[in-house]
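Report on the structure given below.
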Number of protein chains: 2
Amino acid sequence: MKLSQVSANKVDKDSVIPIYYQLAKVFEKMIYSGNLNPGEKLTPENDIADHFKISRMTVRKALSELIDDDLLYSEKGKGTFVAKPRLDNVEFELQNFREEIKKRGMEPNPKLLKVKIKRANNEMSKKLHIKKGTKCLDFSLVISADNEPLIYEDKYIVYSKHKPILETELKDPSLSNLAMLHGNHYPVMSKMVLNASKADKNVANKLNIKKDAPVFVIEQTLFDSDKKPVGWGRSICRGDKFKFTSFSGWSKNNDNSKDKRGFEYE
Amino acid sequence: MKLSQVSANKVDKDSVIPIYYQLAKVFEKMIYSGNLNPGEKLTPENDIADHFKISRMTVRKALSELIDDDLLYSEKGKGTFVAKPRLDNVEFELQNFREEIKKRGMEPNPKLLKVKIKRANNEMSKKLHIKKGTKCLDFSLVISADNEPLIYEDKYIVYSKHKPILETELKDPSLSNLAMLHGNHYPVMSKMVLNASKADKNVANKLNIKKDAPVFVIEQTLFDSDKKPVGWGRSICRGDKFKFTSFSGWSKNNDNSKDKRGFEYE
DNA sequence: GAGTGGTCTAGACCACAGT
DNA sequence: CTGTGGTCTAGACCACTCG
C-alpha cells in the first residue's frame, strides 16, 4: 500500500467519532472498493501514524478492529496484510426458538402438552448420566406461530427441588430457563447437535405434517460447572418452515451480517 | 469483586508470557471457578492496575480479551461486570467439505461425474441472475471417504474464459476455487442456505442410500464485489453421516471449543 | 542491522452513571 | 460532585524477519 492512496482520506481529530474508528473505516472502504487487494502489505504502523499525525497506539487499535473482522492479518516482523475473504468457512447461528421467531415479527405461542415428574428410563439415564429411576421433570410442548405448529419439543431436567411450576415461567420454556428454575445445579455449558431426519408418526401428527416429512432435529444438553448433565432436550423443527442462512466474506455496505444470518423460517 | 480475592494471584512481569495474558487468565479462572459470579461488578480498572502495579492500559487489554470472549461486559460510567453464559445462542461452523473430512482424519475422494459447458436453463438463470442461454460451466461430483459416497454436488459457474480444465484443480472442487479459476469476476461474498430434505431417486442412487432418506441440502451462492452472482452450487449430504455439533457457554478447561464444534460425520 | 509488529508505561482528557 | 470506562499520546523496549 502506498500512502498516496490514503492521502485523500483524512481523520477528524475533533469529531465525536473516535479516531481509531474513522481510520478503520478508511481501510475497510479501501479493501471493499478494491483499492487494497488480498495479500497486499499495508504501510507500516509507524508510517500510518506519522501520516495521519496520530499515535501509533491509535493506529494499532484501528487495525486490530479489522483483524478481528478478518479483513487483515499481521505477521510479527513482517507486516500487516489484507486477508483473503473466507468464502467456504461459514457459521450458522441459532438463538432459542422463541427469539428466532420473534425476530421475524411473529409471536411464538408455546403450548404445553405435559409436565410431569418421571423416573428416568433408558434413554434419559443415558443422556443425563444418571441412574435409571432417578426423578426428572419431563416437559413436552409445541411451539406455534400464526396458528401453525412449527416445533415439537421434549425436555428433561434432573430434579429434586419441590418447587411449583408457575404459569409465568412457561413463557420461556427454553431448556436453560427450565434448568435454572428447577434443576439442582446452575447450567454453564451447552452442547447442541443438529441432525437432518424425518418425522415419525407421532411428530407428524403434532406438527400437522406428513409422516416422513423432512425435519431438523436439534438436541441440547446442558452441563453444570462440573460437566455433569443437568438437562437434555430435543427439538424437532419442520423442514418446510425452517432453514439456516449465513453470509461470509466481504460485503460492500456496512455489513450487519448478524442480521442476515441465522435460523430462518418462511 | 474484592481485591483481596485476587491477591493470591500474581503476574510475573519478567515472564515471556505477556502481562495482559496472565491477568486475563487470572480473571478467567476466577469466573470458571465460581469465585466471580454472573452480574458481579469487577474492581475498577484503576484499582486493578494499582494492585498489580501495572499500567491501566495493560489492564484494559486483559479485560478486552475477556470481553471478546463474552466472559465480561462493560458499561460506560458504571463498571465492568461478569457476563451470563449464553447457553441458547450457538453457532454451527462449516468449512468446505474436503477440510471437514480431512479434519476427522479421513481422505476425501472427489469423483467428477461431469464437467461441461451448458447454456443456462430456468433454474440456473434464476439462481445466477443471468439470461437463459448464457454459457455456464456445469460441474457435478460425488465426494467419498473410505469408499463410501457422502456428498453429491452440483455447481454452476458463469463462464466466458476459454481456459482448459486441469486435473490438478479438481483436487479442490470447492465452488470458490472453481469460480476463481474459471469465472469472470473474483468472488468476495458467499451466501449459504442449509435445509433439511430427503433424497430423490437420482441422489439416493448416487449416494448409495434409500430414496427419501434424510439429507442436508446446502446451497451456496458466490457474489463478486458488485453483488452479482458468479457461481451457484448445491451440496447434498447424507443425513446418516453428517451432523453439526456446537458448544457454548463456559467450560472449565482451556476451551478449544473450535475443535469440538462444526460439521461432523461419523 | 534495519524494519516490523507486540507489549508496556505513565500520564491525560472526555462522556457518562449515580449521588 | 465523584467514579467509571473510552480514547489518546509520545515515548520505550522487545522479538522476530529478512537481506
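The values are calculated or read from the model by the stated rules, or taken from the named source; none is laboratory data. Small disclaimer: the values here were computed from a predicted structure and weren't measured. Positions of Cβ are backbone-derived with ideal geometry, glycine not excepted, and every protein chain shown enters the neighbour counts.
To keep it simple, each residue is scored yes or no on (1) within 14 Å of chain A (Cβ to nearest Cβ); (2) over 27 Å from the mean Cα position of the chain (by Cα); (3) farther than 19 Å from residue B:220 by Cα.
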residue: B:94; (1), (2), (3): yes, no, no
residue: B:121; (1), (2), (3): no, yes, no
residue: B:140; (1), (2), (3): no, no, no
residue: B:147; (1), (2), (3): no, no, yes
residue: B:151; (1), (2), (3): yes, no, no
residue: B:186; (1), (2), (3): yes, no, no
Exercise. Taking the stretch B:1-26 only, how many residues are at pLDDT 75 or above, within 15 Å of DNA strand D (Cβ to nearest atom), more than 14 Å from every other protein chain (Cβ to nearest Cβ) and assigned to a helix (DSSP H, G or I)?
Worked result: 4
Exercise. Give me the pairs: first residue in the stretch A:27-51 and within 15 Å of DNA strand D (Cβ to nearest atom), second residue among the aromatic types (Phe, Trp, Tyr), beta-carbon distance under 7 Å, and six or more apart or on different chains, which are they?
Worked result: A:39/A:81; A:41/A:81
Seminar exercise, completed: Output for Cβ contacts, cut-off 7 Å, separation at least six or different chains, first residue within 28 Å of residue A:103 (Cβ to Cβ) in the stretch B:89-101, second of a type in the set (Lys, Arg), reads B:93/B:261
For this session: Within the stretch B:72-98, track down each residue that is at negative phi and within 14 Å of DNA strand C (Cβ to nearest atom).
Result: B:73, B:74, B:75, B:76, B:78, B:80, B:81
Exercise. Say we look at the stretch A:57-75 and pick out the residues that are within 13 Å of chain B (Cβ to nearest Cβ) and within 12 Å of DNA strand D (Cβ to nearest atom); which of these is surrounded by the fewest Cβ atoms within 10 Å (Cβ to Cβ)?
Worked result: A:57
Problem set entry | Listing of helices (runs of 4 or more DSSP H) fully contained in the stretch B:39-111 that carry 2 or more residues being modelled with pLDDT of 90 or more | B:45-52, B:56-68
Exercise. Of the numbered conditions (1) at pLDDT below 90; (2) buried (at least 17 other Cβ atoms within 10 Å of the Cβ), residue A:234 satisfies every one except a single condition; which is it?
Worked result: (1)
Exercise. When both residues are 6+ apart or on different chains and their Cβ atoms are under 6 Å apart, which pairs have a first residue that lies in the stretch B:73-85 and is of a type in the set (Gly, Ala, Ser), and a second that is near DNA strand D (Cβ under 6 Å from one of its atoms)?
Worked result: B:74/B:80
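Residue-by-condition table, conditions (1) at pLDDT 95 or above; (2) closer than 23 Å to residue A:247 by Cβ:
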residue	(1), (2)
B:180	no, yes
B:185	no, yes
B:188	no, yes
B:197	yes, yes
B:201	yes, no
B:205	yes, no
Exercise. Does residue B:69 qualify as being away from DNA strand C (no atom under 12 Å from the Cβ) and closer than 21 Å to residue A:61 by Cα?
Worked result: yes
For this session: Would you check if residue A:106 is more than 30 Å from residue A:216 (Cβ to Cβ) and either surrounded by 14 or more Cβ atoms within 10 Å (Cβ to Cβ) or touching a residue at least 24 places away in the same chain (Cβ under 8 Å) (or both)?
Result: no
For this session: Hey, can you tell me all the residues within the stretch B:198-225 that are facing chain A (nearest Cβ under 8 Å), surrounded by fewer than 19 Cβ atoms within 10 Å (Cβ to Cβ) and under 22 Å from the mean Cα position of the chain (by Cα)?
Result: B:225
Problem set entry | Within the stretch B:29-56, tally of residues that are within 22 Å of residue A:186 (Cα to Cα), within 16 Å of DNA strand C (Cβ to nearest atom) and within 13 Å of chain A (Cβ to nearest Cβ) | 1
